[in-house]
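Working notes, beginning with the structure itself.
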Amino acid sequence: MSEEVKEISFDELGLTKPLEKMTAKELRALIIEKLPMITGASGMEKDALVSSIKDVFGIVDEEQVSPYKKQIAEIKKQIRAMRVEKAAIEDRTQRNRLRRKINKLKKRTRQLARAV
């Protein structure tokens, strides 16, 4: 009784989301079902599971630096300055306006961070 280990490509795995976004439980199930060449998956942590899958397919991790990093840093600097300004203001309506501006800027930084 010899088991044949058939070659499978990364695209044939049918992933619906990136490996880093999958839970450890999902990764273990994937390995057990479709990647029998990886052994000891039930005892591995998530990082080890992801790296072993990437090793099998020869995927090299490269650190991504956001092209918007300077812009995000500038917006955060504005937010810090606005918070100091907001603390000094006693008028409620002006404080609320500043609070809303700060919230809009925070949303903008999150959008830029996700845009990578």
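Below is a table of values for the structure above.
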item	result
Residue match in segment 78-96 (condition: part of a loop (DSSP other than H, G, I, E, B) and either among the charged types (D, E, K, R) or modelled with pLDDT under 85 (or both))	yes
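Okay, residues lined up against (1) surrounded by 14 or more Cβ atoms within 10 Å (Cβ to Cβ); (2) not polar (S, T, N, Q):
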site: Leu27; (1), (2): yes, yes
site: Glu45; (1), (2): no, yes
site: Leu49; (1), (2): yes, yes
site: Arg80; (1), (2): no, yes
site: Val84; (1), (2): no, yes
site: Thr93; (1), (2): no, no
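The values are calculated or read from the model by the stated rules, or taken from the named source; none is laboratory data. As the structure is a prediction and not an experimental result, all values here were calculated from the model. Cβ coordinates were reconstructed from backbone atoms using ideal geometry, including for glycine residues, and neighbour counts include every protein chain displayed.
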